[in-house]
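See structure below.
Quick note: the coordinates plus some simple rules give every number you see, no bench work behind them. Every value quoted in this text rests on a predicted model; they were computed, and no experiment measured them. Note that each Cβ is placed from the backbone with ideal geometry, even for glycine, and that neighbours are counted across all protein chains shown.
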Amino acid sequence: MHFTVKNLLDIENNIKLHLEKLKINKNPKIVAVSKTFTIDKILPLIDYGHIDFGENKVQEALEKWTEIKKINSKIKLHMIGKLQTNKVKFAVQIFDYIHSVDNEKLAKKIKDEQIKINKNIKVFLQVNIGEENQKSGINKKDVVKLASFCKEISLDVIGLMCIPPLNIDSEIFFKEMNILNRTLGFSELSMGMSSDFILAAKHSSTYVRIGSSIFGQRY
């Protein structure tokens, strides 16, 4: 068994055990964050049957995944990085999910481009939950307005996404995100990475984005 598959199975079991203790019976999907890793490192997971993968650069995603997605239509590709409006046309072609929508201009551009190619992309609204100046994401007080706009243009928003601040207990932010997500009536929630996916799962995350704990350290 390839080490990436073993790591994935260990993470799945770890989440399952923790959630069983809390009497939570819904396990989140694992988005294997394959950004910067070459396709030979990713193939063992694809061969095993894993389908959710995350990239943060449009060009890299196009180069790595275009041919593989033609062969394997089950693969779901998740855009987890900041998306510039001038890259939306290409992002819409390759990605199935976009986790980083944080303004109306970007939302409208995604809608326009997917109409052109008759494709429905699932979207998460990224919230700057720690109110950090250097981070992408919409301020939490403006989320309702952005969600309403997306509804008006019939963008398929399925939930919220966040990246909590470093060096502060993530659980406070995950708890707040879960409440905000439920208030807005969304069914999916994208939060949790290699360092805190257990806490995210505890607070109803349905998609955890895990890279280094599956693939090893990036260099």
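Could you give the length gained on full extension between residue 87 and residue 133, defined as 0.36 nm per residue of separation minus the Cα-Cα distance, in nm?
On the way: separation 46, 0.36 × 46 = 16.56 nm, distance 2.34 nm.
The residue 87-residue 133 span can extend by a further 14.2 nm.
Can you list which of the trypsin sites (Lys or Arg not before Pro) found in region 93-133 are DSSP loop residues with at most 15 other C-beta atoms within 10 Å? Working shown, then result.
Values: sites: 105, 108, 109, 111, 116, 119, 122; in loops: 119.
Of the trypsin sites (Lys or Arg not before Pro), the ones in loops of region 93-133 whose Cβ has at most 15 other Cβ atoms within 10 Å are 119.
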Extend 7 Å from the Cα of residue 195 along its Cα-to-C-beta direction; within region 159-182, residues with backbone N under 13 Å of that point are 163-171
Restricting to Cα pairs under 8 Å and 6 or more apart, the percent relative contact order of the chain works out to 21
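Roughly how big is region 25-157's charge dipole about its Cα centre, with Cβ charges of +1 (Lys, Arg) and -1 (Asp, Glu), in debye to the nearest 20? Don't skip to the end; give the middle numbers.
Numbers: 25 positive and 17 negative charges, 51 e Å.
So the magnitude is around 240 debye.
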Hull surface over four for the Cα convex hull of region 98-216, reported in nm², is 7.9
Too long for a 21 Å Cα-Cα cut-off, among 140/175; 29/70; 105/151, are 29/70
Rh_Kirkwood(the chain) over Cα pairs, Å, one decimal, evaluates to 17.7
